[in-house]
Amino acid sequence: MDGIHLIICLLWACVNMCECEPAMFGEVSSPQYPQPYPPNFQQQWDLEVPQGYQIQLTFNHLDIESSPDCYYDSVSVVSDNKVLGKFCGQNSTDRLHPGDKPILAPRNRLQLVFLTDDSNHELHLGFTAFYQAVDIDECSSSSAENALCSQICLNTLGSYLCACHHGYMLRPDQLTCVLECGGGVRSESEGTISSPGFPDMSPPDLDCSYTISVQPGYTITLNFSQNFHIEQVYNQGQTCLFHWLQVSVPGKKPEKYCGGKSPGVLNTGAHFVQLEYHTDRYGQSQGWSLHYTTQRVQCPHPGIIGNGTVTPNFAQYLYRDYIHVRCMPGYKLMMGEKEIPSFKSICQSNGKWHLTLPECKIIDCGAPKLLLNGDFQFISGENNEYLSVIEYHCNEPYYRFKDTAKVTYRCAVDRKWTEANNNDIIPPCYPECGMNTEVSFGGRVFGGKQAIPGQIPWQLLHKKHTRGGASLISDYWALTAAHVVDGLENTTMIWLGGITKAQNQNPVIMEAEKIIIHPYYQRVSLQGHQTNYDNDIALIKMSARVPLGPNIRPVCLPNKTQESVMEGTMGTVSGFGGFEEGLTSEILRYGDIREYPSEQCVFGKMPVTDNMFCAGDDIEHIDSCQGDSGGPLFFPSLGYGTKEKPYEVRGIVSWGPVRCGEVSKAYYTKVQNYLGWIEETMANN
């Protein structure tokens, strides 16, 4: 049955062009076993085990008609066309009976051939046999006829391996050995290399190659031992012709060494070195030995930097060392034209710094801030550089600082212009108030009726709608009576300044941006006439800064701590109002008046409050009139001693008798009572 299976398998393999994997063992029986075999029969079995094994056959039972030389019936075992045995008989005592002794074929194949004649009278049963794969010991001297290893043979299951003695390596044919000479790459930071067999003589016909390759950033130093000998032959000026050791470094010409003098220490300066050792078939060289070490690549000293420091400060700088640069206070790091926040450079594997040193350039604070109504000048230094000093001053005599004449600022480390106390806020220039140019015209005593230019520079005039006046109290704000601007808050209101004549062709024209009437001012009318002038005060904010000059300057507000008006003290009232009955003045006029008790100033039923006071001059008959409303009543300041005194506006022309000059007195809004409201309103608007 097994034989039939084998034939079918072989036929299938032939048809399908595929190989059946040979079995490691199997069983073969004669036809009809264990029944008698048929007469006149012939059959062959081709038995095979895998390559690398021998096939071994053992008969479990054999019962074949016995005859001389097994002439009639027989079973033959054949290998490579050589008959290993021809068998017949019934038991092991028969001469041609195989018994239970295994039959070992020299290779992995054999054939069984079974032949019978035309009779089987005694009904012999035939045979049954077992075959198996037996490992071949290719390394034994009796086998491996064509696969001997040149040095060491190692038997394996189904095959064998070749190996080499120490100092030799297996060639690509996997059978023969050759002397190991270099080979591979040494990447350790240090090591030892020597010629084959050193210190014994080197074998002939060598071509050895040794490669040392370490990490970039390190250099290799070769330290040869003093025991050095390579055959040296001179021929026409050339040496190292037949035996030599060649040292090759990238970027340099290879150097050959021979003779009996050691090269000693070679600093290659590279991280890759190749050594080639050559001998021919003749001559003798004892060879060489070396120990190699590695060192980090050294970078040049980075140098020094002006107005800065380089850290750390080493005697030498090696691969992967870092340096930092810091500038002295007042200096900045600059790489070319670009400022950098910090600087760090690393020593590279090529022995160069990855960044060149920057520069430390002096810092600058930028252009100083402009001072409104003032200017600055350099006291020391230039180009806005560190430690430069500037001095601010206001445009005198029209503006001044509040508490000092001048302020100085220094360009500091934080790149700000700061004072000595590190304050970088520039104080504003305040308009110089209450000053006029009348002093150049013969003193401060007002003796005439008509004002000259610059004498009352805070006087403003409004001609459109009802004529009225106002007092300039800063370079943006003016003070007037509420009844002058009442109802005009949303109109375009034009004020004229810097004039003594109403028809002046070159006045300073000011447009009101805001008109703010005191919140407690109430207009109460009876048949179209106003009956209450309490809180008769208003502020006007101009749409643009008023250009101060000799003819237009603000008047001061009174000091909070002193009395607003002292009875008997002479003040001055001014305006473009009526000066004769029925006539309105086109010229700025003024007059000196004094305060009177309220009981001497009774005009009809108009209520009098503590927010107003009465003033005039019964003797000279000087008084304000229609058209003067909103204008100033001003006094010399009481706090300046004998020095030049600025003027303060303490009253605003408010109301009086219907006809001017009847009693030469009128009521004025008491400015002293409204200082808080004035300051708050100006600050919030």
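Based on what the data block shows, is Phe59 buried (at least 16 other Cβ atoms within 10 Å of the Cβ) and more than 29 Å from Thr156 (Cα to Cα)? Before you say what the answer is, go through the steps one by one.
On the way: buried (at least 16 other Cβ atoms within 10 Å of the Cβ): yes; more than 29 Å from Thr156 (Cα to Cα): no.
The answer is no for Phe59.
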Considering each of Gly374, Gly330 in turn, give the residue that is over 20 Å from Pro302 (Cα atoms), over 32 Å from the mean Cα position of the chain (by Cα) and either in the same structural domain as Ile552 (by TED's automatic domain parsing) or not β-branched (Val, Ile, Thr) (or both). Gly374
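For the range 457-479, state whether one or more residues are β-branched (Val, Ile, Thr), closer than 22 Å to Ser585 by Cα and surrounded by fewer than 18 Cβ atoms within 10 Å (Cβ to Cβ). Steps first, answer last, please.
Kept after step one, since they are β-branched (Val, Ile, Thr), are these residues of the range 457-479: 466, 473.
Restricting the remaining residues to those that are closer than 22 Å to Ser585 by Cα gives 466.
Imposing the further condition that a residue be surrounded by fewer than 18 Cβ atoms within 10 Å (Cβ to Cβ) reduces the set to 466.
Yes, the range 457-479 contains at least one residue that is β-branched (Val, Ile, Thr), closer than 22 Å to Ser585 by Cα and surrounded by fewer than 18 Cβ atoms within 10 Å (Cβ to Cβ).
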Which residue is modelled with the highest pLDDT, if the candidates are limited to the range 410-455 and must be in contact with a Ser or Thr (Cβ under 6 Å, 6 or more places away or on another chain) and assigned to a strand (DSSP E or B)? Cys411
Filter result (free of Cβ contacts under 8 Å to residues at least 60 places away in the same chain, within 30 Å of Ile452 (Cβ to Cβ) and surrounded by 14 or more Cβ atoms within 10 Å (Cβ to Cβ)) within the range 402-437: Cys429, Tyr430
Subset tally (residues that are of a type in the set (Asp, Glu) and either under 24 Å from His271 (Cα atoms) or surrounded by 19 or more Cβ atoms within 10 Å (Cβ to Cβ) (or both)) for the range 198-227: 1
Can you name the residue in the range 277-298 that is charged (D, E, K, R) and over 59 Å from the mean Cα position of the chain (by Cα) and is also modelled with the lowest pLDDT among such residues? Arg281
Condition check for His465: touching a residue at least 12 places away in the same chain (Cβ under 8 Å), outside any strand (DSSP E or B) and touching a Lys or Arg at 6+ places or on another chain (Cβ under 9 Å): no
So which strands (runs of 3 or more DSSP E) are wholly in the range 161-247 and hold at least 1 residues that are at pLDDT 85 or above and of a type in the set (Ser, Thr, Tyr)? 191-194, 207-213, 218-224
Only residues that are closer than 29 Å to Pro397 by Cβ and either at pLDDT 85 or above or not assigned by TED's automatic domain parsing to the domain that holds Leu496 (or both): list them for the range 560-592, please. Gly571, Thr572, Val573, Ser574, Gly575, Phe576, Ile587, Leu588, Arg589, Tyr590, Gly591, Asp592
Only one of Asp536, Asp486 is in contact with a helix residue (DSSP H, G or I) (Cβ under 8 Å, 6 or more places away or on another chain), of a type in the set (Asp, Glu), touching a residue at least 24 places away in the same chain (Cβ under 8 Å) and under 13 Å from Gly630 (Cβ atoms). Can you tell me which? Asp536
Could you tell me whether any residue of the range 149-157 is in contact with an Asp or Glu (Cβ under 6 Å, 6 or more places away or on another chain), assigned to a loop (DSSP other than H, G, I, E, B) and in contact (Cβ under 8 Å) with a residue 12 or more places away in the chain? yes
Taking Leu62, is it under 26 Å from Asp135 (Cβ atoms) and either assigned to a loop (DSSP other than H, G, I, E, B) or at pLDDT 90 or above (or both)? no
In the range 379-404, the residues that are in contact with a Leu (Cβ under 9 Å, 6 or more places away or on another chain) and either part of a strand (DSSP E or B) or closer than 18 Å to Ser474 by Cβ (or both): Ser380, Tyr392, His393, Cys394, Asn395, Tyr398, Tyr399
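Take Gln246 and decide whether it is without any contact (Cβ under 8 Å) to a residue 40 or more places away in the chain and surrounded by 12 or more Cβ atoms within 10 Å (Cβ to Cβ). Quick ask: steps written out before the conclusion?
Details: without any contact (Cβ under 8 Å) to a residue 40 or more places away in the chain: yes; surrounded by 12 or more Cβ atoms within 10 Å (Cβ to Cβ): yes.
Yes; evaluated as a whole, the condition is true for this residue.
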Taking the condition of being surrounded by 16 or more Cβ atoms within 10 Å (Cβ to Cβ), at pLDDT below 90 and within 17 Å of Gly630 (Cα to Cα), how many residues in the range 489-512 meet it? 1
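The values are calculated or read from the model by the stated rules, or taken from the named source; none is laboratory data. Remember, predicted model here, so these are calculated numbers, not experimental data. Glycine gets a Cβ as well: all are built from the backbone with ideal geometry, and neighbour counts include every protein chain shown.
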